[in-house]
Amino acid sequence: MFIATRNGMIRAAKLLSETPKMWALSLVGKSRIVRVSKTDQHQRAFELKSDALCWANADRNLIQCYLDKEGTELAQSIELPDVTLAQLGLDSLDFELPLKPLYCAMEDGIDRPGGCWFLFEDRPTFDTRLRIWNNEGDAWEIGLDDSENLIDTPEFQRWVKPALSLCRIVDVATVEPRYHHLAYVPESSRKVYLQPLEHPNDTYTRTERDEEAAKKACIAFAEFWLPARLRKAFRTHAENEAFELIALGCEVHDAPDAWGLDATAAIAAKRAYLFLLSNKRYRLLTSNYSRASADAMDAEWEVDEIARKHAEDIHDTYMHIEAELISGWKEECRDLGLI
């Protein structure tokens, strides 16, 4: 098991015993016993590392990596629940085609509690990269539940993890359907699943995040390094904007009204800039920010260029289709002697 704390610490442990209110665990590599209450708001024990990462408010992409890994491993060992179409709320569904659904599963909703459910005529496999189900036969989309509490989803399917959502459709079920307990998202971790998932290959998002981090580092250093008497000179909104520009390495002009400042504030701004400029760390931070800012602008231009080319390709495609249709109509009319 894993013991997770709110401050981000996760420790591996071995479960010794469990009661309705507490876990008794032995930390890996240590002999002491740790008792964790099941209602403790500061630390909690989990069987899966992905659930522990959720509790510790870890990065959403890191959580997803462990969800994919654990889902693949668990899917090979846990038994699929048997369920009828009536238990899925689909008993009134009329399949006109000579096809019979044999499996049901949910694709990842990414930033919503429930994803999109599908029926399959053969057993599908879960693609951990795209977080979708693939099969060789036909599939039917049966709906997406956007309600906050998933009230439109059968109770046994609420808050199930996409990679472990596969169930087998049968004509008669002897017991009420229920997934393995590890297939469900713990109630304490559910809010994390509503956070947007950043695509790991999204260049624009990454460079923009780097620029913001470099900016915060520059401002934090300026606030720490500047003497209090200089820092107090920046009080109004315009003066605070000037302070931020100075922190980012923008050179102060000699004009008294530089950046909308009065004469006194302009002198203080110039002194603050010269004071910071003498520090090697400041020069390194502002250099990093300039580079990150340039990368972000290049990435933004690249995204705009890709969008422009995509729009042009769509336009050219429609023009080509239209030209082919007109050519076909003309040829047909010519064959009929209309022109």
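Computed from the coordinates by the stated procedures, all read-outs in this text should not be read as laboratory data. Everything numeric in this text was worked out from a predicted model, so none of it was measured. Methodologically, a virtual Cβ is constructed for each residue, glycine included, from the backbone with ideal geometry; neighbour enumeration extends over all protein chains shown.
So here's what we get for this one:
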read-out	value
Under the span-like rule (Cα at least 20 Å along the axis, Kyte-Doolittle mean at least 1.0), DSSP H helices of the chain	263-277
Dipole in debye (nearest 20) - region 2-46, about Cα centre, beta carbon charges: Lys, Arg +1; Asp, Glu -1	80
Normalised per residue, the volume of the convex hull around the Cα set of the chain (Å³)	265
Nitroxide proxy distance, nm - points 7 Å out along Cα→Cβ at Glu331 and Asp146	4.4
Under DSSP loop assignment and at most 15 Cβ neighbours within 10 Å, longest GluC sites (Glu not before Pro)-free interval of the chain	252-339
Length added when fully stretched, His320-Val303, from 0.36 nm per residue minus Cα-Cα	3.6 nm
Which of Met22, Met319, Met1 has the fewest Cβ neighbours within 10 Å, and the rest in rising order	Met319, Met22, Met1
Gain upon complete extension [Lys21, Asn7; 0.36 nm per residue less C-alpha separation]	2.8 nm
Fraction of beta bridges assigned by DSSP in the chain that are antiparallel (%, nearest 5)	95
Among Val175, Ser188, Leu80 the positive-end extreme of the charge dipole of region 70-194 (Cβ point charges)	Ser188
Contact order normalised by residue count of region 70-194, Cα under 8 Å, 6+ apart, percent	33
Radius 13 Å from Cβ of Lys330, net charge of other residues (Lys, Arg +1; Asp, Glu -1)	-4
The chain - percent relative contact order, Cα under 8 Å, separation 6 or more	12
